[in-house]
Amino acid sequence: MTPLSRTLLGAFVLAAAVDLGSLLAGADAGHLAAKPLLMPLLAAYAATRGAPKPLLAALLFGWGGDVLLLLDAEWAFLAGMGSFALGHLCYLRLFGTRRTSPALGALYALALAGTLTALWPGLPADLRIPVAGYSLLLTAMAYRSSSSGVLAGTGGALFLLSDTLIATGIADLPQLPAPDFWVMLTYIAAQYLLTAGTLQAMYGERRTTS
């Protein structure tokens, strides 16, 4: 890892700490300042490590979603969800056609069905179809992420958990204490693990073929 890579990764970790600490302390200004820095820093770190373009695009679409979800408006929520959906498509392209476990796919399908069943009555009528479509895409990404190894697979699962926590809030289901903290903690960990897992798989393939 180059000095620049270490610096960018350290800056990402610092921004994550500021963001999560601000959420716990109720310091909105810190959250508003730190959250938009997270994905650009992670993408810049990944770029210095030679990351593939679909990963960089996924992280930058994640940045778009992050910024849009800071706005308190339904159009911004839908646009943010659309930006994240484009990111998931980039992840699906990244994961390609590597083999994954059918049993794991069945578990994800059951999780999707159970989650939508629980959410559906509490979701606003105009959000039900968009949320269902997004949930299907997100679940597919989480499932396919396992094809790139344990790190990426864990990242995909945490991304699904993070967005499920958001959806439970929209559907007025019971929430954990400090719900925004848990949403961001799982989201930050998800994006980092997806990045780290992709880089690990990429360098492993290079060693195998060299």
So, relative contact order of the chain in percent, Cα under 8 Å, 6 or more apart, is 18
Efficiency by 1/(1 + (r/R0)^6): what FRET value for A103 and R128, r their Cβ-Cβ distance, R0 = 30 Å, to the nearest 0.05? 0.55
If we sort 95-106, 178-189 on the protection proxy, mean other Cβ atoms within 10 Å, highest first, what's the order? 178-189, 95-106
note: the chain, Cα-Cα separations exceeding 29 Å make up a percent value of 23
Give me the percent of Cα-Cα pairs in segment 59-100 that sit more than 14 Å apart, rounded to a whole number. 48
Quick one: Debye curve from the C-alpha atoms of segment 122-178, no solvent, what's log10 I(q)/I(0) at q = 0.18, 0.20 Å⁻¹? -0.66, -0.76
Based on DSSP H runs of at least 4 residues, each adding -39500 (n - 2.57), what is the mean residue ellipticity at 222 nm of the chain after dividing by all its residues, to the nearest 500 deg cm²/dmol? -29000 deg cm²/dmol
Per residue, how much accessible area does segment 1-146 have with a 1.4 Å probe, in Å²? 49
Magnitude of the Cβ-charge dipole of the chain, K/R +1 and D/E -1, about the Cα centre, nearest 20 debye? 1100
Kirkwood hydrodynamic radius of segment 25-88 from all distinct Cα pairs, in Å? 12.3
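The values are calculated or read from the model by the stated rules, or taken from the named source; none is laboratory data. Nothing here was measured: the structure is a model prediction, and the numbers come from that model. Cβ sites come from the backbone with ideal geometry, for glycine too, and all protein chains shown count toward neighbours. Accessible surface is based on the protein model in full, side chains and every heavy atom, while ligands, DNA and RNA are left aside. Shrake-Rupley method; radii C 1.70, N 1.55, O 1.52, S 1.80 Å.
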